[in-house]
Amino acid sequence: MMIGVFDSGFGGLTILKAFLKKLPEYDYIYLGDNARTPYGNKSQDVIYEYTRQAVEFLFDKGCALIILACNTASTKALRKIQQELLPSKYPDRRVLGVIIPLAEAGVETARYGRIGVIGTRATIESKVYVQELGKLSSQLKIFGQACPLLVPLVEEGWVGKPETNMILKKYLYRLKRQKIDTLILGCTHYPILQKDIERIMGKNCRVLNGPEMVSHKLKDYLFRHPEIEDRISRTRAVTFYTTDDPARFKVLGQKFLGQNIPEVERANSTSLFLKTSRSTAGQC
Ligand code: DGL
């Protein structure tokens with residue numbers, strides 16, 4: 001069996017990259033729902049339904065454990081999947097998200113308890129980080145900032161361009177004024193902008209390396225859960241699926257993964273994605 005990594009598109013490849021570095025021995029399947037990305041501005045019901053379909057697809061392919069690398073899916077769908085889907089249909093499988101590992105890393109890092117979080121509109125407006133950080137410590141001051149323009153800029157390859165840095169400065173200005181000492185990058189795409197964010201925030205703010213933190217927590221999880229770990233095969237195979245064009249995924253995905261992607265398959269399944277296009281067609 002494999003470890004599944006799911007994202008709404010390319011961004012989760014930054015997390016897979018860290019897994020391949022820290023835990024290279026396992027077999028992985030990556031699924032990017034590029035046909036329906038972005039999730040960040042969609043409603044809870046839609047995000048849940050898309051994520052549920054993706055999870056069922058990855059279980060069908062033989063995953064024992066799935067990591068929702070997408071912050072938005074972790075925020076809007078993870079709880080319902082854990083509380084309803086798994087007990088009723090997949091009691092021996094697991095689905096984990098990235099919010100709790102990142103919140104834990106934030107608390108471990110913050111020196112003065114002033115933590116900033118940036119993410120998509122769905123993630124920031126849900127206040128999920130405020131809740132999770134609040135459970136870990138009551139002493140924190142938490143400042144959230146939605147940055148909806150960053151995902152398209154990263155996907156367009158506009159990293160390092162003056163326009164992108166100007167937008168970043170605008171988004172980060174308020175957090176800088178609040179003198180945060182730690183910044184959580186609560187979106188899969190932002191690690192690509194890490195260096196620029198660090199430069200803008202200055203030396204008094206630590207910008208967390210999310211993928212590294214999440215891979216560290218996954219290692220710890222697998223150590224604590226041998227009943228899951230024992231079922232994961234170790235042939236170092238990595239399989240890539242996208243719901244959109246495999247050729248485009250290969251080209252752009254390599255930038256996020258930082259290495260060659262030999263082959264990409266289109267995620268075709270009667271239970272997955274077709275259902276949505278059929279119902280959309282019905283409405284037209
Ligand atoms: N993967 C999403 C996240 O981490 C960003 C892209 C999107 O909006 O779908 O929140």
Query raised in the report: Most fluctuating residue of Leu65, Leu78, Leu20 in a GNM of the chain with Cα springs under 10 Å: which is it?
Result: Leu20
Requested in this report: Quick one: angle between helix 274-283 and the longest Cα principal axis of the chain, in degrees between 0 and 90, rounded to 10, please.
Outcome: 80 degrees
Report summary line: Around Asp33 (Cβ within 10 Å, Cβ-to-Cβ, excluding Asp33; K/R +1, D/E -1) the net charge comes to -1
Query raised in the report: Given the pairs Lys21/Lys61; Lys17/Lys219; Lys17/Lys61; Lys161/Lys195; Lys89/Lys219, which span a C-alpha to C-alpha distance of over 19 angstrom in this model?
Result: Lys21/Lys61; Lys17/Lys61; Lys89/Lys219
Report task. Measure nothing but the geometry: give the 0 to 90° angle between the long axis through the Cα atoms of 210-224 and the longest principal axis through the Cα atoms of the chain, rounded to 10°. Result -> 50 degrees
Query raised in the report: What are the semi-axes of the equivalent ellipsoid of the stretch 129-169, taken as the square roots of 5 times the eigenvalues of the Cα gyration tensor, listed largest first and rounded to whole Å?
Result: 31, 11, 7
Report summary line: Per-residue Cβ contact counts at 10 Å, fewest first, order Tyr221, Tyr129 as Tyr221, Tyr129
Report summary line: In nanometres, the difference between 0.36 nm per residue of separation and the alpha-carbon distance of Lys89 and Lys21 is 21.3 nm
Query raised in the report: Can you give the angle from 0 to 90° between the axis of helix 13-22 and the longest principal axis of the chain, with both taken from C-alpha atoms, to the nearest 10?
Result: 90 degrees
Report summary line: With no solvent term and unit scatterers on the alpha-carbon positions of the stretch 1-73, Debye gives log₁₀ I(q)/I(0) at q = 0.20, 0.24 Å⁻¹ of -0.78, -1.06
**Report entry** Cross-link pairs Lys127/Lys170; Lys42/Lys127; Lys169/Lys203 - those with Cα-Cα distance over 18 Å
**Finding:** Lys127/Lys170
Query raised in the report: When only C-alpha pairs under 8 Å and at least 6 residues apart count, what is the relative contact order of the stretch 146-229, in percent?
Result: 27 percent
Query raised in the report: If you bin the C-alpha pair distances of the stretch 63-115 every 10 Å from 0, what whole percents do you get?
Result: 24, 42, 23, 10, 1
**Report entry** Gyration tensor (alpha-carbon) shape descriptor, the stretch 95-237, a/c threshold 1.5
**Finding:** oblate
Query raised in the report: What residues qualify as long-range amide H neighbours of Arg206, i.e. H under 5 Å apart, gap of 5 or more or another chain, H built at 1.01 Å from N?
Result: Thr182, Leu183
Report task. Normalise the Cα radius of gyration of the chain by 2.2 N^0.38 Å (N = residues in it) and let me know the number. Result -> 0.97
Query raised in the report: What nm value, rounded to one decimal, do you get for the distance between Glu104 and Arg248 when each label is placed 7 Å out toward the C-beta?
Result: 3.7 nm
Query raised in the report: Over the stretch 1-129, what number does the Rg to Rh ratio reach, with both radii from the alpha-carbon atoms and Rh per Kirkwood?
Result: 0.97
Requested in this report: Rounded, prolate or oblate: pick one for the stretch 204-251, where a ≥ b ≥ c are the square roots of the eigenvalues of its C-alpha gyration tensor, a/c under 1.5 means rounded, and failing that, prolate if a/b is larger than b/c, else oblate.
Outcome: oblate
Requested in this report: Quote the relative contact order of the stretch 78-132 in percent (integer), defining contacts as alpha-carbon pairs under 8 Å separated by 6+ residues.
Outcome: 30 percent
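So which trypsin sites (Lys or Arg not before Pro) in the stretch 58-167 are both in a DSSP loop and have at most 12 other Cβ atoms within 10 Å of their Cβ?
Arg111
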Report summary line: Mean separation of Cα contacts under 8 Å (at least 6 apart) over the residue count of the chain, i.e. the relative contact order in percent, is 27 percent
**Report entry** Fluctuation leader among Lys250, Lys203, Lys217 - the chain, Gaussian network, Cα springs under 10 angstrom
**Finding:** Lys203
Query raised in the report: Can you sort Met166, Met2 so the residue with the fewest Cβ neighbours within 10 Å comes first?
Result: Met166, Met2
Report task. With all distinct Cα pairs included, what does the Kirkwood hydrodynamic radius of the stretch 107-181 come out to in Å, to one decimal, could you say? Result -> 13.4 Å
Report summary line: Under a Gaussian network model of the chain whose springs join Cα atoms within less than 10 Å, the largest fluctuation of Ser215, Ser74, Ser43 belongs to Ser43
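Here, each number is a calculation from the coordinates, and none is a lab measurement. All figures in this text were calculated on a predicted structure; none of them were measured in a lab. Reconstructed Cβ throughout: ideal geometry from the backbone, glycine too, with neighbour counts over all protein chains shown.
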